[in-house]
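In what follows, a single structure is set out as structure tokens and then discussed.
None of the figures in this text is laboratory data; all of them are computed from the coordinates on show. Worth saying up front: this structure is predicted, and the values here are computed from it rather than measured. Here the Cβ positions follow ideal geometry from the backbone for every residue, glycine too, while neighbour counts run over all protein chains shown.
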């Protein structure tokens with residue numbers, strides 16, 4: 001299975017987690033890493049190029065740090081411009097049908113904070129629901145998300161384990177079956 005990891009971090013050089021994950025991915029098989037802020041520093045997305053990348057892969061993982069309960073701005077722009085009517089959806093739009101879409105996210109908050117009784121009041125599954133809805137709308141399967149929480153208290157051992165866990169997740173995760 002060919003996997004495309006679309007990394008969206010506006011300051012990758014300052015990142016500890018996303019940078020470590022990106023450095024680990026090439027060591028483990030057929031994975032294409034595509035860093036949106038590196039490819040598009042001016043944020044002008046080449047829609048045709050992006051669509052070709054998606055078409056060439058079976059599984060697409062969106063990797064990003066959680067910003068204000070959402071994706072970084074460039075990833076939202078990517079969804080808005082790349083997933084076009086007639087290509088990703090609509091009567092003639094079937095290029096994403098059957099693909100698998102997932103998310104790998106890092107959060108500043110603890111796992112407990114992303115609970116109904118926690119300080120954020122919502123679970124990560126609820127916060128990431130718009131991406132699940134996008135997958136459904138474009139006839140793709142949605143994969144359970146991968147998360148590393150509490151990165152403000154991250155030690156080297158937990159970071160190293162997260163790299164192992166992330167690779168296993170990408171290789172072995174199965175789509176969410178709904179109803």
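Before moving on, here are some points about what is shown:
- Its Cα gyration tensor gives the stretch 60-145 an equivalent ellipsoid. The semi-axes, each the square root of 5 times an eigenvalue, are 27, 13, 10 Å from largest down.
- Cα pair count fraction exceeding 28 Å, expressed as % - the stretch 3-172: 19 percent
- Calculated FRET efficiency for the pair residue 139/residue 81, C-beta based, R₀ 22 Å, to 0.05: 0.70
- For the chain, the relative contact order comes to 22 percent (Cα pairs under 8 Å, sequence separation of at least 6).
- Inter-site label distance for residue 42 and residue 28 at 7 Å from Cα along Cβ, in nm: 3.6 nm
- The stretch 3-172: antiparallel DSSP beta bridges as a percent of all, rounded to 5: 5 percent
- In terms of other Cβ atoms within 10 Å, 27, 163 run from fewest to most in the order 27, 163.
- Cα centroid separation, the stretch 130-179 to the stretch 41-111 (Å): 15 Å
- Theoretical ellipticity at 222 nm over the chain - DSSP helices of four or more residues, -39500 (n - 2.57) apiece, nearest 500: -9500 deg cm²/dmol
- A simple spin-label model places pseudo-atoms 7 Å from Cα toward Cβ; at residue 172 and residue 160 they are separated by 2.0 nm.
- Helix 73-82 and the longest principal axis of the Cα set of the chain meet at an angle near 20°.
- Between the helical axis of 156-172 and the longest alpha-carbon principal axis of the chain there is an angle of about 30 degrees.
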